[in-house]
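Below is one structure; the comments refer to it alone.
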Ligand SMILES: Cc1cc2nc3c(=O)[nH]c(=O)nc-3n(C[C@H](O)[C@H](O)[C@H](O)COP(=O)(O)OP(=O)(O)OC[C@H]3O[C@@H](n4cnc5c(N)ncnc54)[C@H](O)[C@@H]3O)c2cc1C
């Protein structure tokens with residue numbers, strides 16, 4: 001057992017760390033404040049190959065693996081989570097379903113642009129009336145000749161409305177299974193298809209420089225060939241995508257938690273009270289030591305889940321543990337980092353204020369903490 005990074009992994013981590021500090025950090029506060037999408041940063045991430053990290057070169061990827069993606073997400077989130085979630089959703093929710101389940105024709109059509117970061121894709125699972133209970137999907141798709149006709153709506157879909165969004169994959173009820181349950185399938189809907197409407201962006205508490213929209217489908221017609229994988233496989237597909245995605249979200253949460261440690265150390269050395277740096281007080285030192293402890297153990301949890309996934313072993317429970325633990329400690333660290341910053345921690349110009357606002361969604365998106373506990377309990381045979 002060896003959790004040390006290879007030279008190649010270390011080099012990737014260093015280059016993303018430098019990029020986050022030199023390119024993301026100087027501009028992100030303004031995007032965050034104005035709720036604007038950082039197109040130029042995303043373009044540069046594309047040039048670095050980040051959108052192609054876990055994909056093979058044959059399809060335009062970088063020939064890395066999912067762990068490489070996680071390392072990049074951690075380093076980005078250490079500085080900013082809006083940029084990190086844009087990459088996470090683009091790769092793990094946008095391109096990955098096409099890569100895993102698409103036909104060669106679908107891959108040839110979509111992957112070159114998605115893997116270069118030139119285009120983004122969204123993953124439409126959640127609906128206004130159902131999130132955790134994804135089996136409760138109401139959106140319907142009916143085959144009419146050689147076209148699917150889609151009706152319904154999707155809520156909170158990341159990367160679905162940028163100027164460079166090329167398509168969304170949508171889960172829809174396409175029939176009834178022999179046991180009476182809903183037959184769910186996944187269908188590709190290109191941006192601009194008549195009947196597909198993207199609502200204005202939500203006003204969010206955090207991740208304000210990322211792109212999130214409600215989508216509606218009103219007699220939206222796409223070719224029958226836009227079915228992703230086999231008909232009726234929608235449920236299995238999104239379970240797989242979400243299991244993997246949880247490891248990526250855990251990495252992102254660890255990055256945020258580590259960013260809180262970075263900022264707290266810096267501030268504890270700079271800020272003076274009662275005639276000495278606040279970091280000279282053991283009460284502050286212990287807070288930071290506990291924050292480091294939490295980031296470190298959460299990192300080990302996602303490394304373990306990623307290692308199992310890449311070894312082809314079962315990893316569902318470990319991915320849920322990693323996501324649950326990392327999101328919990330990210331919220332803890334954001335709260336403590338804000339506390340260490342005193343009144344300045346409540347000012348948006350300080351990165352810890354952004355960390356605090358960005359941390360809560362980690363306990364909600366890609367499966368709430370309650371859902372992670374359900375997954376772990378089920379895997380334990382309960
Ligand atoms: C910024 C943002 C981006 C997102 N991006 C995407 C995206 O790109 N694609 C996508 O498909 N979705 C996306 N989502 C949706 C997200 O995954 C859901 O919000 C999440 O899964 C929770 O679903 P819900 O909001 O419907 O909550 P609900 O499922 O209604 O849950 C409400 C509460 O009830 C709890 N609960 C539900 N069932 C149980 C139970 N059986 N036992 C105990 N507690 C339970 C939940 O844990 C939660 O606390 C995004 C959400 C946000 C906010």
(request) Collect the residues in the stretch 109-119 that are in contact with a strand residue (DSSP E or B) (Cβ under 8 Å, 6 or more places away or on another chain), without any contact (Cβ under 8 Å) to a residue 60 or more places away in the chain and not in a loop (DSSP other than H, G, I, E, B), keeping them in residue-number order. (result) 113
(message) I'd like to check something: does the stretch 93-100 contain any residue that is in a loop (DSSP other than H, G, I, E, B) and either more than 16 Å from the ligand (Cβ to nearest atom) or surrounded by fewer than 23 Cβ atoms within 10 Å (Cβ to Cβ) (or both)?
(response) no
(request) Go through (1) in a helix (DSSP H, G or I); (2) within 17 Å of residue 207 (Cβ to Cβ); (3) more than 16 Å from the ligand (Cβ to nearest atom) and name the single condition residue 348 misses. (result) (1)
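For residue 117, are the conditions met, namely being away from the ligand (no atom under 12 Å from the Cβ), buried (at least 19 other Cβ atoms within 10 Å of the Cβ) and modelled with pLDDT of 95 or more? Please lay out each step first, then the result.
Numbers: away from the ligand (no atom under 12 Å from the Cβ): yes; buried (at least 19 other Cβ atoms within 10 Å of the Cβ): yes; modelled with pLDDT of 95 or more: yes.
For residue 117, the condition - away from the ligand (no atom under 12 Å from the Cβ), buried (at least 19 other Cβ atoms within 10 Å of the Cβ) and modelled with pLDDT of 95 or more - is met.
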(message) Looking only at the stretch 130-145, filter to residues that are under 21 Å from the mean Cα position of the chain (by Cα) and without any contact (Cβ under 8 Å) to a residue 24 or more places away in the chain; which one of those is surrounded by the most Cβ atoms within 10 Å (Cβ to Cβ)?
(response) 130
(request) All but one of (1) at positive phi; (2) touching a strand residue (DSSP E or B) at 6+ places or on another chain (Cβ under 7 Å) hold for residue 145, so report the exception by its number. (result) (2)
(request) Specify the residue that is farthest from residue 131 (Cα to Cα); the eligible residues are those in the stretch 358-380 that are more than 10 Å from the ligand (Cβ to nearest atom) and surrounded by fewer than 19 Cβ atoms within 10 Å (Cβ to Cβ). (result) 380
(request) Please work out if residue 85 is within 16 Å of the ligand (Cβ to nearest atom), within 18 Å of residue 239 (Cα to Cα) and either modelled with pLDDT under 95 or part of a helix (DSSP H, G or I) (or both). (result) no
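Matching residues to (1) out of contact with any strand residue (DSSP E or B) (no Cβ under 9 Å at 6 or more places or on another chain); (2) more than 17 Å from residue 372 (Cα to Cα); (3) part of a helix (DSSP H, G or I):
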| position | (1), (2), (3) |
| --- | --- |
| 269 | no, yes, yes |
| 283 | yes, yes, yes |
| 292 | yes, yes, yes |
| 314 | yes, no, no |
| 323 | yes, no, yes |
(request) Can you work out which of the residues in the stretch 184-202 that are free of Cβ contacts under 8 Å to residues at least 40 places away in the same chain and assigned to a loop (DSSP other than H, G, I, E, B) is nearest to residue 33 (Cα to Cα)? (result) 200
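Specify which of the listed residues (256, 228, 252, 239) is at pLDDT below 95 and either within 19 Å of residue 357 (Cβ to Cβ) or under 22 Å from the mean Cα position of the chain (by Cα) (or both).
Numbers: 256 fails: at pLDDT below 95; 228 fails: at pLDDT below 95; 252 fails: at pLDDT below 95.
Within the list 256, 228, 252, 239, the selection yields 239.
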(request) State the number of residues belonging to the stretch 123-177 that are more than 8 Å from the ligand (Cβ to nearest atom), in a loop (DSSP other than H, G, I, E, B) and in contact with a helix residue (DSSP H, G or I) (Cβ under 6 Å, 6 or more places away or on another chain). (result) 1
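The values are calculated or read from the model by the stated rules, or taken from the named source; none is laboratory data. All values derive from a computational prediction rather than experimental measurement. Quick reminder, even Gly has a Cβ in these numbers, built from the backbone with ideal geometry, and neighbours come from all protein chains shown.
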